[in-house]
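Report on the structure given below.
FYI, it's all coordinate maths here, none of it is from the lab. Keep in mind it's a predicted model, so treat the numbers as computed, not measured.
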Amino acid sequence: MRRGGYPDATQRDAPTTRVRRRRRRSVVVRLMVACSLLLAPALVGTMAAWQDSGTAELGGFETGTLDLQIDNDLAGTGGTTTRTWSATGLIPGQYRSFGAEIRNTGDVAFTYGLTVAAGSVWGYGNGVLEVSAFRGTPQSDGTCTGWSIGTARTIPAAGPVFTSRPLPTAEGATSEPICVRVRIMPSAPSGTQGASGTLRLTFTATQVAP
């Protein structure tokens, strides 16, 4: 106390100072409590993770087409075409040749082969006619240009002349000329005179495995 009964200024301000200090502490305590409440969920549990997904749809699948054509005939799958190839007055050892353009008009690569057999009319004996094939074109003397492909086949026994020729070719061509040569065997017997017959040529395409 100061003289005159008045309290000293230090004493007069002391309660106020203590109240302010208490207020400050209480504020600090409340903030700490609030912070602990906010942090508590992170300590106890885990937050949910958001997710998202996207889907890509692949479409537009189409199967390819396999289409072997002889010249410009037989569009589409399968079929039979007739060629009026004919020869008369043949004698033993003589040739006749006929040409065809084999085409791949589809969108699938293939290999193809040729099988020959006696046709619906056959007046010859066994081993009288021989059929062979060339990669080339027919000539007026009955021969073929180009080179021989496959193996010569005597008729009427059916069998392959060649197999597994690719189209497109190694050079990328989608067609190639084939020359079919027919020969009366030199050993044909005398009884063959005046005989006639037809031939059945079958070209078969097989898809190339990817």
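Full extension of the chain between Gln139 and Val121 gives 3.9 nm of extra length, using 0.36 nm per residue less the Cα-Cα distance.
Could you give the length gained by full extension between Thr111 and Gln207, i.e. 0.36 nm per residue of separation minus their alpha carbon distance, to one decimal place? List each step's numbers first, then the result.
On the way: separation 96, 0.36 × 96 = 34.56 nm, distance 0.65 nm.
Between Thr111 and Gln207, full extension yields 33.9 nm more.
Working note: Karplus 6.51/-1.76/1.60 with θ = phi - 60° gives the stretch 144-154 the couplings 10, 7, x, 10, 5, 10, x, 10, 5, 10, 8 Hz, where Gly and Pro are set to x.
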